[in-house]
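S.K.: I have a structure here, written as structure tokens, and I will follow up with some questions on it.
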Amino acid sequence: MAGLVYSGKFEQHINELYSPKNIHETAKKFKEHEKTHGPYSFGDKFTKNLVPDQKNWADESGSTEGHSNWEKHSGGIPESIRHKITDVIATNLRSAHPLPCLKVGENVDHTHDLHVRTFAHDGHMHIGLHILCPNSSLKKK
């Protein structure tokens, strides 16, 4: 995510997996992942296991580069933000009643940021986990 934005088809696919319709199935897969691989940490193999098909990693330009570079890019996010993402996702998906969540996007500058809020939408409580990646239009040339 350092300089690469996970948007487009990937963002749509992830948001669908964490939607009210699919959150329970995603939580089930999460629990199975932890049984096999140990405690979740943002940037580990869970996202690749959840979205195994590389074509579903396409960004707005159609590039699927994010699939092969997931661990490297997610590792480029500051540790404090990765820890907070880990905490929110793991706590939510381990709970008996996980809430729909997630939104990935670009920040206004070269930095990573995270905004977490709960809100009601269409009769469901949600966790707004807005992960902001460095703005790709500001890349150094």
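The values are calculated or read from the model by the stated rules, or taken from the named source; none is laboratory data. Nothing here was measured: the structure is a model prediction, and the numbers come from that model. We place every Cβ from the backbone using ideal geometry, glycine too, and count neighbours over all the protein chains shown. When the accessible area is computed, the model is the full protein with side chains, heavy atoms only, and any ligands, DNA or RNA have been set aside. Shrake-Rupley method; radii C 1.70, N 1.55, O 1.52, S 1.80 Å.
S.K.: Being in a helix (DSSP H, G or I), under 19 Å from Glu25 (Cα atoms) and under 12 Å from the mean Cα position of the chain (by Cα) is the filter here, so list the residues in segment 50-61 that pass it.
M.R.: Leu50
S.K.: Regarding segment 60-73, can at least one residue be identified that is within 21 Å of Ile127 (Cα to Cα) and surrounded by 14 or more Cβ atoms within 10 Å (Cβ to Cβ)?
M.R.: Step one: list which residues in segment 60-73 are within 21 Å of Ile127 (Cα to Cα), which gives none.
No: segment 60-73 contains no residue that is within 21 Å of Ile127 (Cα to Cα) and surrounded by 14 or more Cβ atoms within 10 Å (Cβ to Cβ).
S.K.: Which of the numbered conditions does Gly38 fail, given that it passes all the others? Conditions: (1) without any contact (Cβ under 8 Å) to a residue 24 or more places away in the chain; (2) at negative phi.
M.R.: (2)
S.K.: Same structure again: Just one of Thr91, Thr26, Thr47, Thr36 is within 14 Å of the chain's Cα centre (by Cα), β-branched (Val, Ile, Thr) and modelled with pLDDT of 90 or more; which is it?
M.R.: So the residue among Thr91, Thr26, Thr47, Thr36 that is within 14 Å of the chain's Cα centre (by Cα), β-branched (Val, Ile, Thr) and modelled with pLDDT of 90 or more is Thr26.
S.K.: Same structure, new question: Going by what's in this entry, would Asp44 be described as surrounded by fewer than 13 Cβ atoms within 10 Å (Cβ to Cβ) and either out of contact with any helix residue (DSSP H, G or I) (no Cβ under 7 Å at 6 or more places or on another chain) or farther than 20 Å from Glu16 by Cβ (or both)? Steps first, please.
M.R.: Numbers: surrounded by fewer than 13 Cβ atoms within 10 Å (Cβ to Cβ): no; either out of contact with any helix residue (DSSP H, G or I) (no Cβ under 7 Å at 6 or more places or on another chain) or farther than 20 Å from Glu16 by Cβ (or both): yes.
In short, no.
S.K.: For the structure I just gave you, tell me whether Leu4 is modelled with pLDDT under 90, of a type outside the set (Gly, Ala, Ser), buried (at least 16 other Cβ atoms within 10 Å of the Cβ) and out of contact with any Cys (no Cβ under 6 Å at 6 or more places or on another chain).
M.R.: yes
S.K.: Identify, please: which residue in segment 62-95 is in a loop (DSSP other than H, G, I, E, B) and touching a helix residue (DSSP H, G or I) at 6+ places or on another chain (Cβ under 9 Å) and is, among those, nearest to Asn22 (Cα to Cα)? Working first, answer last.
M.R.: Here is the first cut: in segment 62-95, the residues in a loop (DSSP other than H, G, I, E, B) are 62-64, 69, 76-78, 95.
Next, only the ones that are touching a helix residue (DSSP H, G or I) at 6+ places or on another chain (Cβ under 9 Å) stay: 62-64, 77, 95.
On the way: Gly62: 25, Ser63: 26, Thr64: 23, Ile77: 27, Ser95: 15 Å.
Across segment 62-95, the extreme among qualifying residues is Ser95.
S.K.: Select, from Pro78, Pro134, Pro100, the only residue that is open to solvent by less than 80 Å² (accessible area, probe 1.4 Å), at negative phi, at pLDDT below 80 and not small (Gly, Ala, Ser).
M.R.: Pro134
S.K.: Could you please give the count of residues in segment 109-131 that are open to solvent by less than 70 Å² (accessible area, probe 1.4 Å) and either within 17 Å of Glu11 (Cβ to Cβ) or modelled with pLDDT of 80 or more (or both)?
M.R.: Of the residues in that region, 10 qualify.
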